[in-house]
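Q: This is the structure I want to talk about, given as structure tokens.
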Amino acid sequence: MLAPTPGTIWLLSGAFLIVAVAGTIAIILMARRVYRRNSRPSAAARDRMPRSDNPTAFMTASMQAVIQKLKVQEKELETLHRAERERAQQTERLSEAVTRNMPAGLLLLNSAGLVTSANPAAELALGVKSLVYRRYSEVLGTGGRLTQLLAGCLEQGKTFRREEVEYLTPSHELRQLGVTISPILNTTNDVTGAICLLSDLTELAALQKQIHVKENLAALGELSAGIAHEFKNALATISGYAQMIRSEAQPGTELREHGQLILQQTRALTHVVTEFLKFARPLELANEQVPLRPMIEQILAEVSEALPEVSITAEGEFADVSGDDALLRQAILNLARNAAEAVSENPGAGRVIIRGEIDNSGSLQGQKISIADNGPGIPPESIAKIFMPFYTTKVNGTGLGLAVVQKIVVQHGGSVEVRNQSHGGAEFIVWLPFVREAVREIDSADARI
């Protein structure tokens, strides 16, 4: 066998190298083709993908993507807005519920003086319905104290805390109101409105007045107990000597006339002392059912007989109350007689009306009795003092009649007040509970606003 030559070896090595390079290139090409086939997108994906070689299609696809994102954001914003609106509505409902159920009255006014909001308690305290969008001066009147306070708040920005004012309702019912008024200010401290809190203190004021009267009566009773007998003993002695002088003096002489005058004055003074003792002495009340209708009819007959020139009538509803028949009759008869005497100077035109009404407005049910006349009325300066002992506007009055009336009514758990009517004449209003209760002491500080 022939041995290979060096030239043959080099030739074989070059051929083997060429075959290896060619095989490597073939393997690389086959692998690249397989990779491209697997990574090539589907036809649907190619249709969705914007192609840079078509500007119109690319822009359309981009806009659609932006619109899709905006729709998603719009839904999110709508969800947030709905939640915020529900939260605001819930807060508004809660605020309305709190305002509607407040025990105190609430008034909101704008800078023009119009009522923009009012709760039921305010309408009840003022005795006016449908307050909203009405001017406060029109609702409350132009001369009232409450109107003045609201004007001071709106015009000058003043704040009023725990003020007590008298207010006359459209039905001419006098009420005692506790008010707190504060201005509503904007960021520049300009007054844009006012907020007013109201509380009806009428019942509280009446109870406090009853307690005050009872305290005065107790003090007066203690005072009268020490001096009553001394007065009566002295008057009896003076009256005895006056009778002796009159009996010993000759008829028609000056001495006999003087004795008669002394006797008359001692009798008048004895009457005053007796009435004073009746007023100061504690009353022992019978606890019985008193039918008011027969009592009123009997009072009408007595007053008509005493003053036939006066027209006195009764109207309305009268129920039964718990109390002392004789004392209640004395009180109402006194008021009816006073009213008839006030109009007796106007013969043929004098009128007295006793009006009954069942009162269910307060916490206690009761009977309201008003005695109204068409006389000259009561001087305004006398109204506050008319129930004081020994205060009288009559020439021959003792000043104890109305004080006794007030004492009887108060000890029955009721109240009595007086006012002048708008069309003339005076009106006394007696309120008696159907069931008599003891007067209880009340702390007014806790009941105020």
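The values are calculated or read from the model by the stated rules, or taken from the named source; none is laboratory data. Please read all numbers here as calculations on a predicted model, not as lab measurements. Note that each Cβ is placed from the backbone with ideal geometry, even for glycine, and that neighbours are counted across all protein chains shown. To get the accessible areas, we keep the full protein, side chains included, count just its heavy atoms, and leave off ligands, DNA and RNA. Shrake-Rupley method; radii C 1.70, N 1.55, O 1.52, S 1.80 Å.
Q: Which of (1) modelled with pLDDT of 90 or more; (2) touching a helix residue (DSSP H, G or I) at 6+ places or on another chain (Cβ under 8 Å); (3) over 20 Å from residue 433 (Cβ atoms) does residue 311 not meet, given it meets every other one?
A: (2)
Q: Kindly indicate whether any position in the stretch 107-126 is in contact with a Lys or Arg (Cβ under 6 Å, 6 or more places away or on another chain), within 27 Å of residue 361 (Cα to Cα), at pLDDT 85 or above and not charged (D, E, K, R).
A: yes
Q: While we're looking at this one, here's another question. Condition test on residue 149, is it assigned to a helix (DSSP H, G or I), open to solvent by less than 20 Å² (accessible area, probe 1.4 Å) and touching a residue at least 24 places away in the same chain (Cβ under 8 Å)?
A: The answer is yes for residue 149.
Q: While we're looking at this one, here's another question. So is residue 329 among the basic types (Lys, Arg), more than 24 Å from residue 208 (Cα to Cα), buried (at least 17 other Cβ atoms within 10 Å of the Cβ) and in contact with a strand residue (DSSP E or B) (Cβ under 6 Å, 6 or more places away or on another chain) or not?
A: Judged against the criteria, residue 329 is not a match.
Q: Which residue out of 371, 358 is on the phi < 0 side of the Ramachandran plot, open to solvent by 30 Å² or more (accessible area, probe 1.4 Å) and aliphatic (A, V, I, L, M)?
A: It is 358.
Q: Quick check: anything in the stretch 174-181 in contact with a Cys (Cβ under 9 Å, 6 or more places away or on another chain), in a strand (DSSP E or B) and more than 15 Å from residue 136 (Cβ to Cβ)?
A: Kept after step one, since they are in contact with a Cys (Cβ under 9 Å, 6 or more places away or on another chain), are these residues of the stretch 174-181: 179-181.
Checking the rest, the ones that are also in a strand (DSSP E or B) come to 179-181.
Right, trim to more than 15 Å from residue 136 (Cβ to Cβ) and you get 180.
Yes, the conditions are met somewhere in the stretch 174-181.
Q: Would you be able to tell me the number of residues in the stretch 92-120 that are part of a helix (DSSP H, G or I) and open to solvent by 90 Å² or more (accessible area, probe 1.4 Å)?
A: 5
Q: Here's a follow-up. Tally up the residues in the stretch 367-416 that are at pLDDT below 90, under 26 Å from residue 315 (Cβ atoms) and of a type in the set (Gly, Ala, Ser), please.
A: Result for the stretch 367-416: 6.
Q: Please work out which one of (1) under 16 Å from the mean Cα position of the chain (by Cα); (2) among the hydrophobic types (A, V, I, L, M, F, W, C); (3) modelled with pLDDT under 90 is the condition residue 196 fails and give its number.
A: It is condition (3) that residue 196 fails.
Q: I've got another one for you. Taking the condition over 18 Å from residue 106 (Cα atoms), assigned to a helix (DSSP H, G or I) and open to solvent by 10 Å² or more (accessible area, probe 1.4 Å), does residue 123 pass?
A: Numbers: over 18 Å from residue 106 (Cα atoms): no; assigned to a helix (DSSP H, G or I): yes; open to solvent by 10 Å² or more (accessible area, probe 1.4 Å): yes.
No, not satisfied.
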